[in-house]
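A short reminder: the numbers here are calculations on the coordinates, not readings from a lab. Given the structure is predicted, the values throughout are model-derived calculations rather than measurements. Because the Cβ atoms are built from the backbone with ideal geometry, glycine has one as well, and the counts that use them run over all protein chains shown.
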Amino acid sequence: MDAAQIEKATHHLAAAGSLCVLTGAGMSAESGIATFRDRDGVWSKFNPAELATPEAFRRDPVRVWDWYRLRRAQLREIEPHEGHRVLAEWERWFDAVQVVTQNVDGLHTRAGSSGVIELHGRLARSRCVRCEYTIEGLDDLGPDPRCLECGQRLRPSVVWFGEWLPPGAWEAAIEAASSCDVGLVIGTSGVVQPAASLTDVILSRGLPLIEINPNTSEISGRATVSIRAGCRDVLMAIDRRLRPEST
Ligand code: BV8
Ligand code: ZN
């Protein structure tokens with residue numbers, strides 16, 4: 001871990017009142033959830049076009065559900081890691097911390113972060129394709145679950161490629177990126193839009209953008225500071241410098 005980069009990141013964070021944190025699949029990697037685009041990522045075994053689109057669901061709902069049942073079952077065994085908990089703790093240290101996540105695993109909320117903006121929905125919610133019925137929880141709903149209100153098919157309440165983000169989520173994310181003093185982008189390749197463009201909102205305001213990612217990403221070239229290491233250790237190292245009395 002590059003100590004000079006950690007110092008630079010800490011310097012920017014110590015001077016900030018409010019923080020906007022954009023996270024991607026790499027934030028959950030150290031909780032044991034495979035990322036999408038790394039070598040052993042989810043997409044290397046599955047093709048997003050086959051599974052994470054409304055067309056795929058219309059074509060073969062049982063096959064799509066199979067994949068989501070697998071991921072929901074895995075999530076039942078997964079815990080947030082110390083990095084998630086540091087971000088939750090920082091709500092008591094900064095004036096404001098707004099987490100905006102692309103992840104659908106709910107780990108930020110479970111770690112204690114409040115008001116998390118879930119740009120791509122959540123695995124632990126399913127909804128009816130026709131009416132307003134939703135059901136929370138990670139129980140196995142079976143291969144082709146139906147709505148208890150109208151009998152139509154249920155689907156995972158996540159945002160598939162080609163679908164709009166949940167109403168209000170994008171506006172809230174833009175508001176967070178437009179009102180923070182510093183941006184922190186953790187564990188995203190910066191490929192998926194419009195999520196990745198939040199970093200441009202922060203940079204266009206002339207504010208520092210700190211990246212935590214062991215690899216270079218689409219965002220690295222624009223980041224003020226890039227820390228090439230895993231987010232769990234980096235967040236703990238920054239936290240020790242920011243809040244020496246807390247550790
Ligand atoms: C939209 C939920 C408007 C599902 C996901 C052509 C036609 C239609 C649309 C498009 C198009 N071209 C572009 C688009 C837009 C499209 C898009 O961006 N496509 C990309 C692939 C080019 N976006 C959309 O469709 C979005 N909607 O645009 O609406 C619209 C409407 C109609 C028609 C047109 C436009 C919706 C996108 C949402 C897709 N849903 N997930 C599910 O999960 O099942 S996206 C999926 O990818 C996850 O949410 C994931 O989080 C997200 C982003 O990926 P990352 O999080 O960045 O993960 P990745 O594996 O890529 O990277 C992980 C990183 O972590 C790596 O860099 C790695 O180095 C790092 N890392 C690893 N370990 C660690 C680490 N970092 C720190 N610590 C570690 N230990
Ligand atoms: Zn229904």
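So the values come out like this:
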{"read-out": "Proxy reagent accessibility, fewest Cβ within 10 Å first, across 131, 180", "value": "131, 180"}
{"read-out": "Gaussian network model of the chain, springs between alpha carbon atoms under 10 Å - residue of 119, 13, 141 with greatest fluctuation", "value": "141"}
{"read-out": "Relative contact order %, the range 1-121, counting alpha carbon pairs below 8 Å whose residues are six or more apart", "value": "29 percent"}
{"read-out": "At most 16 other Cβ within 10 Å, DSSP loop - GluC sites (Glu not before Pro), the range 154-223", "value": "163, 218"}
{"read-out": "Exposed trypsin sites (Lys or Arg not before Pro) absent: longest stretch of the chain, with sites in DSSP loops and at most 11 other Cβ within 10 Å deemed exposed", "value": "77-247"}
{"read-out": "Gained length - residue 222 relative to residue 55, 0.36 nm times residue gap less alpha-carbon distance", "value": "56.7 nm"}
{"read-out": "Gain upon complete extension [residue 135, residue 11; 0.36 nm per residue less C-alpha separation]", "value": "40.3 nm"}
{"read-out": "Estimated inter-spin distance, residue 4 and residue 243, nm [label 7 Å along Cα→Cβ]", "value": "2.9 nm"}
{"read-out": "Residues 226, 178 arranged by fewest to most Cβ contacts within 10 Å", "value": "178, 226"}
{"read-out": "Neighbour-count ranking [beta-carbon atoms within 10 angstrom, fewest first] of 19, 123", "value": "123, 19"}
{"read-out": "Value of [θ]222 nm, deg cm²/dmol, for the chain, DSSP H segments ≥ 4, -39500 (n - 2.57) each, nearest 500", "value": "-9500 deg cm²/dmol"}
{"read-out": "R0 of 22 Å, Cβ-Cβ distance residue 153-residue 197: FRET efficiency to nearest 0.05", "value": "0.10"}
{"read-out": "Contact order normalised by residue count of the chain, Cα under 8 Å, 6+ apart, percent", "value": "25 percent"}
{"read-out": "Helix runs (DSSP H) in the chain reaching 27 Å along axis by Cα, Kyte-Doolittle at least 0.0", "value": "none"}
{"read-out": "Between the range 70-120 and the range 129-165, the alpha-carbon center distance in angstrom", "value": "22 Å"}
